[in-house]
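Q: The structure under discussion is supplied below as structure tokens; questions concerning it will follow.
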Amino acid sequence: MRRMKAAFMGLVAGISCLTAAAQYTEADIYAYIERYQEPAINKMYEYKIPASITIAQGIFESACGMSHLATDGNNHFGIKCHKEWTGDTILIDDDELQECFRKYATVEESFNDHSLFLKTRPRYSALFDLDVMDYAGWANGLKAAGYATNPEYATRLIRLIETYHIARLDTIYQERLANGYFKNYPNVQPPVTAKEPAKPAAQSAPTNDDSRITPEPAKPHKPHKPAKQNPQDTPPAPTKPNPATPNGSAKTTEPAPTPSQTTTPAPKPEENAADEVAARDEKPTALTVFSALDGEYPRADYPFTDRAVYANNRTLFVIAQKGDTYAKIARDVQDKEARLKKYNDATGNAKLKVGQVVYIEKKNNSGKEPYYKVINSESLLYISQKTAISLKKLCKYNNIPATEKLKKDRMLKLKK
């Protein structure tokens, strides 16, 4: 997503201020998530600790598994020895020289001990009164309980979770819990086994009072992450595009034929057909709600949701279904309701209609064509949604307010 690179650079810059030695890349973060998501989800079931928190702490504390403590001690959460520890130890220069940290035989032992550490120490007991899906509350609670001395600890955990959509692991846990996946725990197997990440080079991890992290080395693999591609990299759709329907996005992986002015999408199964008819029937007027059907736009590759995702003008969107709200869609795509409303220029208690287009990232600043010819009584908001162009930019290019009533056949500028 467009904000991903900027957010990542801010995150790395913040971490670099903490310790110049702990440097890792965006690819390392995705690799760490993919490698350790299963133990984190399992611990969420056993101890009711959000998987997103476990993974975010692991990334931050161990520098994506590349710290000395992680590579030599399998300690991914920087947990010091403390008086009760009777296992192996490793000495690391931290707040003081040659401090004692716990050493584990495997990374799995580190994940187990991290969960036990939080569950059995009284100062963390208040965390378990929080909703297990409240990762922000957990992050702030860990900082308040003294897990780390860094004053930005909670902020950085939350930033990691939101930038890299790590909260999707919490959603996976809830789905598995609902469908009985954990019935035979611990003899469970995930639907898809995570791939092995690229082997990291040993580096130092960030420091705090109770913990320190590092994931074990792994075999090379290509990290799974969404990325904007250059439009030139994607071949054009085989059919002539409809002027009312934008061409395929650079992110698309399953380009669908764009219907012509006189054709309709291929018939769908009966249960889907009813919703599609409703999408058209419930659209009150062309003035306010822009809707779409499956097949009108190319499908897009977006790994953080089970919903169908489409692309319009290189901008990702989903199609609202019966019972959908901005809050529900936000949960489904691992984002915030307020941010989704902002992307769609929705205000107040905006309601969704069946079939309505809901963008899950910021719309573009310009269109594919220089001009747009107004059809019937379309509003600027409707055209903004139809062309996936920022409403603010449309107003600026045409020097008109968002509430301007547009006449049929008026030509609007879509670029500077």
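Q: Just checking, does the range 146-156 include any residue being basic (Lys, Arg), more than 18 Å from residue 45 (Cα to Cα), buried (at least 19 other Cβ atoms within 10 Å of the Cβ) and touching a Gly at 6+ places or on another chain (Cβ under 7 Å)? So that I can check it myself, show each step before the final result.
A: Initial filter on the range 146-156 (basic (Lys, Arg)): 156.
Checking which are more than 18 Å from residue 45 (Cα to Cα) leaves us with 156.
Remaining after also requiring buried (at least 19 other Cβ atoms within 10 Å of the Cβ): 156.
Applying the additional criterion that residues be touching a Gly at 6+ places or on another chain (Cβ under 7 Å) yields 156.
Yes, some residue in the range 146-156 is basic (Lys, Arg), more than 18 Å from residue 45 (Cα to Cα), buried (at least 19 other Cβ atoms within 10 Å of the Cβ) and touching a Gly at 6+ places or on another chain (Cβ under 7 Å).
Q: Considering (1) buried (at least 18 other Cβ atoms within 10 Å of the Cβ); (2) part of a helix (DSSP H, G or I), say which one residue 65 fails and leave the rest.
A: The single condition residue 65 does not satisfy is (2).
Q: I would also like to ask the following. Does residue 115 fit the bill of being in contact with a Lys or Arg (Cβ under 6 Å, 6 or more places away or on another chain) and at pLDDT 90 or above? Reasoning before the result, please.
A: Numbers: in contact with a Lys or Arg (Cβ under 6 Å, 6 or more places away or on another chain): yes; at pLDDT 90 or above: yes.
Spelling it out, residue 115 is indeed in contact with a Lys or Arg (Cβ under 6 Å, 6 or more places away or on another chain) and at pLDDT 90 or above.
Q: Follow-up. Out of 338, 327, which single residue is without any contact (Cβ under 8 Å) to a residue 12 or more places away in the chain and more than 30 Å from residue 396 (Cβ to Cβ)? Explain how you work it out, then say what you get.
A: On the way: 338 fails: more than 30 Å from residue 396 (Cβ to Cβ).
On inspection, the qualifying residue turns out to be 327.
Q: Could you list, in sequence order, all residues of the range 285-332 that are under 17 Å from residue 168 (Cα atoms), modelled with pLDDT of 90 or more, part of a loop (DSSP other than H, G, I, E, B) and touching a Leu at 6+ places or on another chain (Cβ under 8 Å)?
A: Result: 309, single match.
A quick yes/no check of all residues on (1) in a helix (DSSP H, G or I); (2) of a type in the set (Ser, Thr, Tyr); (3) out of contact with any strand residue (DSSP E or B) (no Cβ under 9 Å at 6 or more places or on another chain):
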{"site": "71", "(1), (2), (3)": "yes, yes, no"}
{"site": "75", "(1), (2), (3)": "no, no, no"}
{"site": "108", "(1), (2), (3)": "yes, no, yes"}
{"site": "123", "(1), (2), (3)": "yes, no, yes"}
{"site": "128", "(1), (2), (3)": "yes, no, yes"}
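Q: Can you tell me how many residues within the range 371-389 are touching a strand residue (DSSP E or B) at 6+ places or on another chain (Cβ under 7 Å) and of a type outside the set (Phe, Trp, Tyr)? Reasoning before the result, please.
A: Taking the range 371-389 and keeping what is touching a strand residue (DSSP E or B) at 6+ places or on another chain (Cβ under 7 Å), we get 371-374, 383, 385, 387-389.
Still in the running and of a type outside the set (Phe, Trp, Tyr): 373-374, 383, 385, 387-389.
Residues flagged as touching a strand residue (DSSP E or B) at 6+ places or on another chain (Cβ under 7 Å) and of a type outside the set (Phe, Trp, Tyr) within the range 371-389 amount to 7.
Q: Could you check the range 137-177 and list, in sequence order, the residues that are among the aromatic types (Phe, Trp, Tyr) and either touching a Pro at 6+ places or on another chain (Cβ under 8 Å) or closer than 29 Å to residue 306 by Cβ (or both)?
A: Initially, the range 137-177 is screened for residues among the aromatic types (Phe, Trp, Tyr), giving 138, 147, 153, 164, 173.
The answer is 138, 164, 173.
Q: Moving on to the next point. Answer yes or no as to whether residue 342 is in a helix (DSSP H, G or I) and not acidic (Asp, Glu).
A: Working: in a helix (DSSP H, G or I): yes; not acidic (Asp, Glu): yes.
Taking the combined requirement at face value, the residue satisfies it.
Quick grid of which residues meet (1) closer than 20 Å to residue 25 by Cβ; (2) more than 27 Å from the chain's Cα centre (by Cα); (3) at pLDDT 90 or above; (4) not charged (D, E, K, R):
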site: 56; (1), (2), (3), (4): yes, no, yes, yes
site: 60; (1), (2), (3), (4): yes, no, yes, yes
site: 70; (1), (2), (3), (4): yes, no, yes, yes
site: 75; (1), (2), (3), (4): no, no, yes, yes
site: 79; (1), (2), (3), (4): no, yes, yes, yes
site: 96; (1), (2), (3), (4): no, yes, no, no
site: 102; (1), (2), (3), (4): no, yes, yes, no
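Q: Return the residues of the range 371-388 that are over 16 Å from residue 346 (Cβ atoms) and surrounded by 13 or more Cβ atoms within 10 Å (Cβ to Cβ); say none if nothing qualifies.
A: Within the range 371-388, the subset over 16 Å from residue 346 (Cβ atoms) is 371-378, 387.
Within the range 371-388, 372, 374, 375, 377, 378, 387 meet the criteria.
The values are calculated or read from the model by the stated rules, or taken from the named source; none is laboratory data. Note that the structure is predicted; figures quoted are calculated from it, not measured. Because the Cβ atoms are built from the backbone with ideal geometry, glycine has one as well, and the counts that use them run over all protein chains shown.
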